[in-house]
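Inspection log for the structure reproduced underneath, given as structure tokens.
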Amino acid sequence: MSLAHPILKEMLNSGCSDHTNILIAFQTYMELCEVHNFETVEHCFSMDMNMIYLKAVEDKEEEIFLPISIKENITPSWIEKVRQAICQNENGEVQKNF
């Protein structure tokens, strides 16, 4: 008997090798769904950044969430790199939803 959530299984099979990112992404996914009641929550994987990020729709407005560790070193260049990777994903040049 497996107790793993189907979305967690998908995240684990996404190709992301950063298990901390996967767990933080899953926690964020659950909070967006269960606490904030977003209409739609999707998880996407950026191969360039080896990161799972989330897209959520609330009141017909789409938002992107970057589940990151509190220990992450965030710099302006890192933010720009993430922005470019997500834009590349959204333009269909890299694997999107799995």
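Could you tell me the calculated FRET efficiency between I7 and M47, based on Cβ-Cβ distance and R0 = 22 angstrom, to the nearest 0.05? Could the numbers behind the result be given before it?
On the way: r = 19 Å, r/R0 = 0.88.
So, using R0 = 22 Å, E works out to roughly 0.70.
Specify, per residue and in Å³, the volume enclosed by the convex hull of the alpha carbon atoms belonging to the chain.
Details: hull volume 11.2 nm³, N = 98.
Here the figure is 114 Å³ per residue.
Show the residues, 5+ positions off or on another chain, whose built amide H is closer than 5 Å to the amide H of M51.
Correct list: S46.
On full extension of the chain, what length is gained from S17 through K60, given 0.36 nm per residue of separation minus the C-alpha to C-alpha distance? Numbers along the way, then the final one.
Values: separation 43, 0.36 × 43 = 15.48 nm, distance 3.23 nm.
Additional length available on full extension: 12.2 nm.
Loop only by DSSP, 10 or fewer other Cβ within 10 Å of the Cβ. Give me the trypsin sites (Lys or Arg not before Pro) in the stretch 5-98 that pass, ordered by residue number. Write out the running numbers ahead of the final one.
Details: sites: K9, K55, K60, K71, K81, R83, K96; in loops: K60, K71, K96.
Here the trypsin sites (Lys or Arg not before Pro) that fit, given the DSSP loop and packing criteria, are K60, K71.
May I have the count of lysine pairs in the chain with C-alpha atoms under 20 Å apart, counting pairs 8 or more residues apart or located on different chains? Working shown, then result.
Details: K9/K55; K9/K96; K55/K81; K55/K96; K71/K81; K81/K96.
Taking the Cα cut-off of 20 Å, the pair count is 6.
Bear in mind that the values in this text are calculations on the coordinates, not laboratory data. Because the structure is a prediction, the values reported are computed rather than measured. No Cβ is skipped: glycine too gets one built from the backbone with ideal geometry, and neighbour counts run over all protein chains shown.
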